[in-house]
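Let me begin by presenting the structure, written as structure tokens, before commenting on it.
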Amino acid sequence: MTSKIEKSSSLFESVRLRFWYLVPFLLSLILAFLAVAILLLLFDANPLSAFQAMWTGAFGSENTTAETLVKATPILFVAIGITIAFRGGVINIGGEGQMIAGALAGVAVTLAIGERIGVLVVPVALLTGFLAGGFYGAIAGFLKAYFDVNEILSTIMMNQIMVQLMNFLLNGIMLDPESGGLNNIPKTARIVPLAQLSRLSVNFGSLEIFDRTRLHTGFIIAIVLAIIVYIMLWHTTIGYRIRAVGLNTRASRYAGIPVERQMVLSMFLAGGFAGLAGVVQVLGLNYRLQTDGSAAGFTANAGFNGIVAALFGYLNPIGAIFSSIFFGGLLVGAQQMQRELGVPASMITAINGLIVIFVVSSQFFVRRAQRQQKADQSTSFEQDIESDGEERVPA
Amino acid sequence: MISEIFTASLFASTIRLATPYLFATLGETLGQRSGVLNLGLDGMMLMGAFVAFLIAYLTGNLILALLAAIALGALMGFIMAFISVTLQAEQGISGIGMYLFGLGMSELLFQKFIGTPRTIEGFPRIAIPVLSDIPAIGEVFFKQNILVYLAFALVPIVWFILQRTNLGLMIRAVGQNPEAADAMGISVTRVRYTTLVLGGILASIAGASLSIALINTFQQNLTGGMGFIAVALVYFGGWRPAGVLFGSLLFSFVNALQLQISVLGLGVPSEFAVMSPYIITLLALIFASKRRDKPDALTKPFERGGG
């Protein structure tokens, strides 16, 4: 009789817990929409027509949908990395700098030896970008693990440092020899065609999708990696260790997991994926690295948007796929909204901030539900003792 | 060449540039001493800068502008307290969220209400009689903006609050051991709300010091990450007003020096010059980490009965 109560109550508990995971998410979503509507009203814009403009701008045509996915690609790469970092208990704000590091390294390698290694140039460039971004992130991880330096602060500083390094290199050594100071945009030379990621288009007989758009295979690479990372985090030992350290450093240490090394590894992986975001942007979109002197000129703030996408995907790489596409649509749609209704696209930054706050705050309800579950479990144990008169060792 | 670089105006710039850092770091110190990390500092600075600028631009009344910034800062601090203390959200990330919100909102409101870059007549400089006539030193220390004097005056005031008042005692207790403080009857929640509201006010004033005193204009991302450097400076200053003063002066000195060197065109690539303050901050963080003075409860949400 006891076991029946336990079984039914535990099923009820798990359903209730899932419910409480979902509710905060929905709540955040609704609150975010409300906030957007209020902001829009502030600008004398009709929220409904604004939302419609955004939808049309994002998914209204084949071209715009392609643009949405193009924008989503670097965000997804970064979000995958951030997800690993968060799960590992570290907060990586250095996406911008790591993206630039990856792009610089990838472009440098491609320009230097691209012609000589033929087909291998894409994997080599991607690997170089990953390693460069990863190394840059690992520095912050190292500082946190062994010097207790707050990784948010160190990565923010490192962002600024890398931007300046990029400007230095792009204006100097890596400047396109052919630009001759014509329009004074710092940029590198164009990469060889073999290094360029092919444009993506779907052709089934007479069905042609995404022809002549900017969508490139980088998007597919991102999706594949998201799935791989999901498997890694929840079905491998490495992933288990990463998550263990993220959940409880002390217990992990007692269990023999090398906590410091795990922290560095998590930051390395996070930086690596951000680095990939940078390399893929170059290989797939512009075929050269160029900027206007700021970080956002190249990254379009993917470093920050990736953080929000990771949170909104509830720290699950598969969820990050959907939230990255959502944010891609948000960015592209916002430009349309600005065109149609005159609402500045910078509203997106404010919305991002609100989403972050809502998502993080909503954990309050999740924690409360978890505590309730624990309390209920101990209560049922007490009921066991009273009903059977038996003592039972708690599991 | 040394005399070309190390002029009186360099040191005067150092004092002047330290002002927003002083306001921001002193406020953040109060919050961190009570155990709460506020990474939204830069966003609060931006909002304070904008509101002060807007009111000053619309009414021409600087005092009113400052009061508006103070009120907004209190509100933002209160919201931050609600998120970090009541909802117990992860403090680092919620700070980043607040930063993004402040960054976007200030730009949004700027575009709506002002639109194009403008300047205003801000708080004036005041030369302190007699003292300002001292050669060299007079120019450096005693011919500064009103808000500069206010910022430096705050250093001993915050020290006094922390070390000599009941509130300060409660703040320090809550930051070191909230469970013990709670057992002694101190309301951890109320103390943390107080420090965050004060921190928000000071952050807002920090931003206002830029927009209505030192630079007298507002633009997108006016602070350019100053708030994050301020948070780092709190670590570097060992969570003490004197240390924070030293850190702010050191940082603004490096900043002023870098500007001076760029102006003189001394052959250092400008990018490395711009990089240097951030490298310095990074190094400062590394050295600060060895400190034992870090409030033990920093970034840990408190819950009665064990969280």
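Details
- Going by accessible surface with a 1.4 Å probe and the largest first, B:170, A:99 read B:170, A:99.
- Highest GNM mean-square fluctuation among B:268, B:174, B:254, for chain B modelled with Cα contacts below 10 Å: B:268.
- Ligands, DNA and RNA left out, the 1.4 Å accessible surface of the stretch B:1-82 is 76% carbon and sulfur atoms.
- Taking θ as phi - 60° and the Karplus parameters 6.51, -1.76 and 1.60, the scalar couplings of the stretch B:15-32 work out to 4, 5, 5, 6, 4, x, 5, 4, 4, 5, 5, 4, x, 5, 4, 4, x, 5 Hz in sequence order, x denoting glycine and proline.
- 5 angstrom amide H check on residue B:144, placed H, neighbours 5+ away: B:126, B:128
- Helix axis angle, B:188-209 relative to chain B longest principal axis, alpha carbon, degrees: 10 degrees
- Taking amide H positions as modeled 1.01 Å from N, with prolines and chain starts lacking one, the residues under 5 Å from residue A:216 and 5 or more places away or on another chain are A:200.
- Summing Lys and Arg as +1 and Asp and Glu as -1 over all other residues whose Cβ lies under 12 Å from the Cβ of residue A:154 gives a net charge of -1.
- With Cα atoms, 0 to 90° folded angle of helix B:166-176 axis to chain B main axis: 80 degrees
- Heavy atoms of chains A and B lose about 3900 Å² of accessible surface on contact, summed over both sides with a 1.4 Å probe.
- Net charge, residue B:197 excluded, C-beta distance under 15 Å - Lys, Arg +1, Asp, Glu -1: +2
- Across the stretch B:154-269, Cα pairs under 8 Å and at least six residues apart give a relative contact order of 18 percent.
- Reported to the nearest whole Å, the Cα centre-to-centre distance from the stretch B:184-229 to the stretch A:22-54 is 28.
- Note on residue B:270/residue B:216: beta-carbon distance plugged into 1/(1 + (r/R0)^6) with R0 of 35 Å gives a FRET efficiency of 0.90.
- Of A:299, B:111, A:54, farthest towards positive along the dipole that unit charges on Lys, Arg, Asp, Glu beta carbons give the protein assembly as shown: A:299
- Stretch in chain B that is longest and holds no GluC sites (Glu not before Pro) that DSSP places in a loop and that have at most 14 other beta carbons within 10 Å: B:122-302
- Placing a pseudo-label 7 Å from each Cα along the Cα-to-Cβ vector at residue B:128 and residue B:304 gives an inter-label distance of 4.8 nm.
- Short-range pairs are left out: with C-alpha atoms under 8 Å and at least six residues apart, the relative contact order of chain B is 37 percent.
- A Förster distance of 22 Å, applied to the separation of the beta-carbon atoms of residue B:263 and residue B:121, puts the FRET efficiency at 0.25.
- When the solvent-accessible area of the stretch A:245-286 is split by element, carbon and sulfur atoms take up 52 percent of it, the probe being 1.4 Å.
- Once each of the trypsin sites (Lys or Arg not before Pro) sitting in a DSSP loop with at most 11 other beta-carbon atoms within 10 Å is removed, chain B keeps B:1-289 as its longest stretch.
- Relative contact order, percent, the stretch B:1-83 [alpha-carbon distance under 8 Å, six or more residues apart]: 19 percent
- Cβ-derived FRET efficiency at R0 41 Å, residue A:220 paired with residue A:42, nearest 0.05: 0.55
- When the trypsin sites (Lys or Arg not before Pro) in the stretch A:45-151 are filtered for DSSP coil states and for at most 15 other beta-carbon atoms within 10 Å of their beta-carbon, the remaining sites are A:116.
- Amide H contacts for residue B:38 (H built 1.01 Å from N in the peptide plane; partners 5 or more residues away or on another chain; cut-off under 5 Å): none found.
- Too-long pairs where the Cα-Cα distance tops 24 Å, listed order kept, from A:71/A:187; A:144/B:294; A:71/A:144; A:144/A:374: A:71/A:144; A:144/A:374
- Helix B:270-288 and the longest principal axis of the Cα set of chain B meet at an angle near 30°.
- Karplus (6.51, -1.76, 1.60) ³J(HN,Hα), θ = phi - 60°, over the stretch B:228-244, in Hz, Gly and Pro reported as x: 5, 5, 4, 4, 4, 5, 5, 4, 4, x, x, 6, 10, x, 5, x, 5
- Using a probe of 1.4 angstrom and keeping all protein chains present, the accessible surface of the stretch B:190-307 works out to 40 square angstrom per residue.
- Lys, Arg +1 and Asp, Glu -1 on Cβ, resulting dipole of the protein assembly as shown about Cα centre, debye, nearest 20: 600 debye
- Model label points for residue B:82 and residue B:67, set 7 angstrom from Cα along the Cα-to-Cβ axis, are 2.5 nm apart.
- Computed from backbone phi, the HN-Hα couplings of the stretch A:41-48 come to 4, 4, 9, 6, 10, 6, x, 5 Hz, rounded to whole numbers (Karplus: 6.51 cos²θ - 1.76 cosθ + 1.60, θ = phi - 60°; Gly and Pro given as x).
The values are calculated or read from the model by the stated rules, or taken from the named source; none is laboratory data. In this text, all values refer to a predicted model and were calculated from it rather than measured experimentally. Cβ coordinates were reconstructed from backbone atoms using ideal geometry, including for glycine residues, and neighbour counts include every protein chain displayed. Ligands, DNA and RNA are excluded from the accessible area calculation, which covers all protein heavy atoms including side chains. Shrake-Rupley method; radii C 1.70, N 1.55, O 1.52, S 1.80 Å.
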